[in-house]
């Protein structure tokens, strides 16, 4: 019997729709694997923004290469292979730039921001920071093929078979490399290796996922004639002069108003005129960063990341609608 298992039937149905030209069918695949692909890229790059860009590039490459996917392995293992290649290329490019400019990598400040426990004594915080530094340094000492094995097994939870599919190597080689990689790390980190890897390296993603962000969104229509919606509410009137100066439209009317909340990394969607979906995804809670997407027919007409504060909303110009354009005003709620 083949050592490779066929692609998951749900994934296969979506893939077949994509091959028939249904671009909207790719979006559920992105939603299903976005967090795991981002986490994989993050463990290579240790930078949230760069990991997000790498994950997006991986999905673009997967979409472009989808006609070549034969279904001999699970879709997500094929996708992970693409994501690892993208993250590895970016890490090498970043290292080459640092060598060219004589600079050194600065540890990501987000380790401290996300991991700090305000109730913990200073001595405990210092000890945890030292443990994280030890783990990062230990991983950096591993050859690339050993580091990849640790990430896929102990951080992503893949089985030997799945790792073999991702790396396109025999299962026996996976077992041998994983044994040797853990042995090397254990010499440095001691018997708490696996517990520390799970709790410390994955903590940024887990801690962020438990943080809820509340937000509001208003959808306006900018036009040179009446937009057919409600008048601008008092709390947005101060924006009108700036909008007129920037967009050159005279009239602004409110079409929809929403309030919502989602965990960091999660999303919430709202219906928008023109058979569109407004998707808001909190990317961080302090400061608040929100990914805003306006999707129509599987195509993102707006895709941007904004940083905002209560009382200081972000104003995003949208696509044409009717005789004007849609304007999206997004603000985090206290």
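The values are calculated or read from the model by the stated rules, or taken from the named source; none is laboratory data. Being a predicted model, the structure only gives us computed values, none of them experimental. So basically every Cβ, Gly included, is an ideal-geometry build from the backbone, and we count neighbours across all protein chains shown.
The helices (runs of 4 or more DSSP H) found entirely in the range 1-78 that carry 2 or more residues being in contact with a helix residue (DSSP H, G or I) (Cβ under 6 Å, 6 or more places away or on another chain) and modelled with pLDDT under 85 are 26-45.
Please pick out the residue among 81, 46, 70, 61 that is assigned by TED's automatic domain parsing to the domain that holds residue 23, within 17 Å of residue 284 (Cα to Cα) and surrounded by fewer than 22 Cβ atoms within 10 Å (Cβ to Cβ). Spell out how you get there, then give the answer.
Values: 81 fails: within 17 Å of residue 284 (Cα to Cα); 70 fails: within 17 Å of residue 284 (Cα to Cα); 61 fails: within 17 Å of residue 284 (Cα to Cα).
Just one listed residue meets the conditions, 46.
Exactly one residue among 266, 317, 274 is part of a loop (DSSP other than H, G, I, E, B), over 26 Å from residue 36 (Cβ atoms) and in contact (Cβ under 8 Å) with a residue 40 or more places away in the chain, and that residue is 274.
Across the range 197-212, not a single residue is classified as under 31 Å from the mean Cα position of the chain (by Cα), modelled with pLDDT of 80 or more and surrounded by 14 or more Cβ atoms within 10 Å (Cβ to Cβ).
Among the residues of the range 319-334, the ones that are over 21 Å from residue 283 (Cα atoms) and buried (at least 16 other Cβ atoms within 10 Å of the Cβ) come to 5 in all.
The rows are residues; the columns are (1) at pLDDT 85 or above; (2) within 24 Å of the chain's Cα centre (by Cα).
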| residue | (1), (2) |
| --- | --- |
| 238 | no, no |
| 248 | no, no |
| 255 | yes, no |
| 271 | yes, yes |
| 279 | yes, yes |
| 295 | yes, yes |
